[in-house]
Amino acid sequence: VFTGSPATGRVVQRRCAELGIVCSIETGGKDAAIILDDCDLERTVAGVTAWTLGNAGQACGAIEIAYVTPGIADEFVARLARVFRKLRAAPAARGETDVAPLANRRQFDLVAAHVADAQKKGATVVCGGRPTGTGLFFEPTILDRCTADMDVVRDESFGPVLAIVRVEGVSEAVAA
């Protein structure tokens, strides 16, 4: 099992293939959810929340983008925002913090830069979008109407941020 840069991952993968060793290579990414009009909305909101904000989004399988079809988009974003706004991201007694802090200053700054870039390029901050003011905690953030030219869509954020990209249908979502 390897987690690291794409360049080193290719080297590891090649060497494992030469030696006949089964391997798993994780080189970063933008794990996406596709939200279709016929989804079970309550269950989808719960699942997306858990997979986006677990460990403050600092997990290799954390959802970073939701491609959402038009018939459900407004309601999905509204319901998700109601849940995100209730979550606590601040130091507290064990079990009283819902969203953990970011691991280090470099990651914290990257998340803030991705949010700022998205805002500058036209994304709407539905909720969150800023540091809490305490340590490395960052508010659970939903950015709506994101586009492919935004850092938050192109590059791994690895933080408590969900980019909403509205798509016309499943084919466009899969292609994106």
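When only C-alpha pairs under 8 Å and at least 6 residues apart count, what is the relative contact order of the chain, in percent?
Working: 321 pairs, mean separation 42.3, N = 176.
Taking the mean separation of contacting Cα pairs over the length of the chain, I get 24 percent.
Running a GNM on the chain with Cα contacts under 10 Å, which residue among A17, A33, A73 ends up with the highest mean-square fluctuation?
Maximum among the listed residues: A17.
Please compute the modelled spin-label separation between C23 and T8, points set 7 Å along Cα→Cβ, answer in nm with one decimal.
1.2 nm
Taking the convex hull of the alpha carbon atoms in segment 28-67, what volume per residue do you get, in Å³?
With only Cα atoms used, segment 28-67 gives 48 Å³ per residue.
Taking amide H atoms as placed 1.01 Å from N in the peptide plane, list the residues 5 or more away in sequence, or in a different chain, whose amide H sits under 5 Å from that of D155.
Excluding prolines and chain starts, which carry no amide H, there are no hits.
Run the dipole for segment 90-173 about the Cα centre, Lys and Arg Cβ at +1, Asp and Glu Cβ at -1, nothing else charged, and hand back the magnitude in debye, nearest 20.
Details: 9 positive and 12 negative charges, 49 e Å.
So the magnitude is around 240 debye.
So if I place +1 on the C-beta of Lys and Arg and -1 on the C-beta of Asp and Glu, and nothing else carries charge, what would the dipole magnitude of the chain be about its Cα centre? I want it in debye, nearest 20. Provide the component values of the computation, followed by the final result.
Numbers: 19 positive and 22 negative charges, 125 e Å.
The calculated dipole for the chain is roughly 600 debye.
Taking Cβ-Cβ under 4.7 Å as the only way to count a partner, pick out the unpartnered cysteines of the chain.
By the Cβ distance rule, which asks for a partner under 4.7 Å, the isolated cysteines are C39, C60, C127, C146.
Name the residue, out of Q107, Q58, Q13, whose mean-square fluctuation peaks in a Gaussian network model built on the chain with Cα pairs under 10 Å.
With Cα springs under 10 Å in the chain, the top fluctuation among Q107, Q58, Q13 is at Q13.
Can you give me the C-alpha center-to-center distance between segment 37-66 and segment 138-152, rounded to a whole angstrom?
Measuring centre to centre over Cα atoms gives 14 Å.
Find the accessible area per residue for segment 43-176; the probe is 1.4 Å, ligands and nucleic acids are left out, and the unit is Å².
Details: 6420 Å² over 134 residues.
Ligands and nucleic acids excluded, the figure is 48 Å² per residue.
Could you look at the chain and say what percent of its accessible area is carbon and sulfur, using a 1.4 Å probe and all protein chains?
Values: 4870 of 9370 Å².
After summing per-atom areas, the C and S share lands at 52 percent.
Tell me, what are the semi-axes, in whole angstrom and largest first, of the equivalent ellipsoid of the chain as set by the roots of 5 times the Cα gyration tensor eigenvalues?
Numbers: eigenvalues 146, 96, 49 Å².
Gyration-tensor ellipsoid for the chain: 27, 22, 16 Å.
Based solely on its DSSP helices, what 222 nm [θ] is calculated for the chain when runs of n ≥ 4 H residues each add -39,500 (n - 2.57) and the sum is averaged over all residues, nearest 500 deg cm²/dmol?
Details: 6 runs with 70 residues, N = 176.
So the calculated ellipticity at 222 nm is -12000 deg cm²/dmol.
The values are calculated or read from the model by the stated rules, or taken from the named source; none is laboratory data. Since we're looking at a predicted model, the values are computed, not measured. Don't worry about glycine lacking a Cβ; one is built from the backbone with ideal geometry, like all the others, and counts go over all protein chains shown. To get the accessible areas, we keep the full protein, side chains included, count just its heavy atoms, and leave off ligands, DNA and RNA. Shrake-Rupley method; radii C 1.70, N 1.55, O 1.52, S 1.80 Å.
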